[in-house]
Amino acid sequence: MKNIFTFLFLFVAISVHAQEEIHFNSSWTEAKEKAIQSKKLIFIDCYTSWCAPCKWMEKNVFIQPAVYKYYNDNFVNLKVDMEKGEGIEMRKKYNVQSFPTYLFVNTAGDLIHRTASKMEAEAFLAEAKRANDPNRNLAALKEKYDKGARDLPFLLDYYLGVERSDRNTAGKISDEIVSKVTEAELNTELGWKMIKALARTEKDKLGAYFIAHETAFKKWGTQAELDKVRDRLVTSTMYGLMRGSNEQAFMEKLAYFKKSDKIDRKKQGVMLEADYYLENGRTADYVKLTTAALKNELKDDAEKLSFLARRGSGSKRGDEVVAPAILQQAYLMAKRAVALDPEEYSVQSTFALVCLAMKNKPEALAAAKKARLLADAETSKIQKLAQQLLDKVEAL
């Protein structure tokens, strides 16, 4: 009897767990029939077998309770490989150019809303709610725009609705907003929303206003939100200075990050400074910086160490090869990243690439084999890249 109850408990637990995700129908015909009966929109997840962001969404977002509950309650869901079967024609019909793309259509197949790209659960849920709102989905917004609606709240809503799926239209709407908004309108809650969405540099209209009046926006934004905007603007300015000859201006901006008491800012400072030294051939400074970072800011950050290692090992100036000292730093950073996160494909593949560049076959081979094994849990495209890397190492 005890065994029977144990079996029943496990069966129920497995059944409940199986439902804890977005439920997808098997075909357009099945989805359409259910949509007609339920009077719901059809949500279509447009993916490919090699799309890494698609896999990330499946593992990290589709399984969130708030997400799968809303999608299962409000839509009939369909998942379609855009390179197979009915997906080939669907890709042409809806002009799907990137993956993932998310379509919300009615039973006639008319497009009501679309969005795209990898996003966090909160944003993915917001897109679903926008699609379900007859006043805010893209079909409704486009109709209003075509009929002449041009007030700023509407334009911002239209921009936010289209920014992930249509860069050309988003750029056009952004230009309209920036050209129309006045300084008085920027000093409002709506103005803050515009700055969060559209400010790009410290010198553009919205960015410059934010920098000059940052404290005023504490009425509408959290300190974390204000910090995020400022960090974005300063970083953009620094990338503009990186390829110029004004080192003093770059270093003055860099102090914003280096002198911060926030670890994320300090890390960003290291990344920017490392890029500057690479770009300008400052090998000794690069080595000094990254040696210190290995002991301090980045000592426990496998992702950033791996990024710097890959960038350093592949950097060139004109026809010059990578400086041996920089390659050695790339090796040290990549090896540390592997020690921190040995089960991450990108970390292992980076270490293999660095060792390959150094003609260090034993370590390159071990890392490449590990990367190939880890790639089995990734997409077919990643698996192909991992195999190509392993083949190169074996041929060394």
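Only the coordinates and a few stated rules stand behind these numbers; no lab work does. Keep in mind the model is a prediction, meaning the values are calculated, not measured. Methodologically, a virtual Cβ is constructed for each residue, glycine included, from the backbone with ideal geometry; neighbour enumeration extends over all protein chains shown.
Remarks
- For residue 359, the aspartates and glutamates whose Cα falls under 16 Å of its own Cα, not counting residues fewer than eight places away in the same chain, are 391, 394.
- Whether the stretch 40-82 is rounded, prolate or oblate, judged on the alpha carbon gyration tensor where a/c under 1.5 counts as rounded: oblate
- For the chain, DSSP calls about 55 percent of its internal beta bridges antiparallel.
- Here's the list of lysines a cross-link from residue 361 could span, going by alpha-carbon distance under 21 Å and ignoring same-chain residues fewer than 8 apart: 335, 369, 370, 384, 392.
- A quarter of the convex hull surface defined by the alpha-carbon atoms of the stretch 2-132 gives 9.1 nm² as the mean projection.
- Rounded to the nearest 20 debye, the dipole size of the chain about its Cα centre is 400 debye, using +1 on the Cβ of Lys and Arg and -1 on the Cβ of Asp and Glu.
- Remark: the Cα gyration tensor places the stretch 237-300 in the oblate category, a/c being 1.5 or greater and a/b not exceeding b/c.
- Here the stretch 72-116 is treated as an ellipsoid with the same Cα gyration tensor; its semi-axes, largest first and in whole Å, are 17, 11, 11.
- Along each principal axis, taking the top coordinate minus the bottom one, the Cα set of the stretch 121-210 gives 36, 33, 24 Å in descending order.
- Ranked 94, 331, criterion: other C-beta atoms within 10 Å, fewest first: 94, 331
- The chain - Debye-derived log10 I(q)/I(0), Cα point model, q = 0.10, 0.11, 0.12 Å⁻¹: -0.92, -1.07, -1.19
- Summing charges over neighbours of residue 90, with a neighbour being any other residue whose Cβ is under 12 Å away from its Cβ, gives 0 when K and R count +1 and D and E count -1.
- In terms of other Cβ atoms within 10 Å, 200, 114, 310 run from fewest to most in the order 200, 310, 114.
- When you work out D = kT/(6 pi eta Rh) for the stretch 322-396 at 20 °C and 1.002 mPa s, using the Kirkwood radius from C-alpha pairs as Rh and the Stokes-Einstein form, the result is 178 µm²/s.
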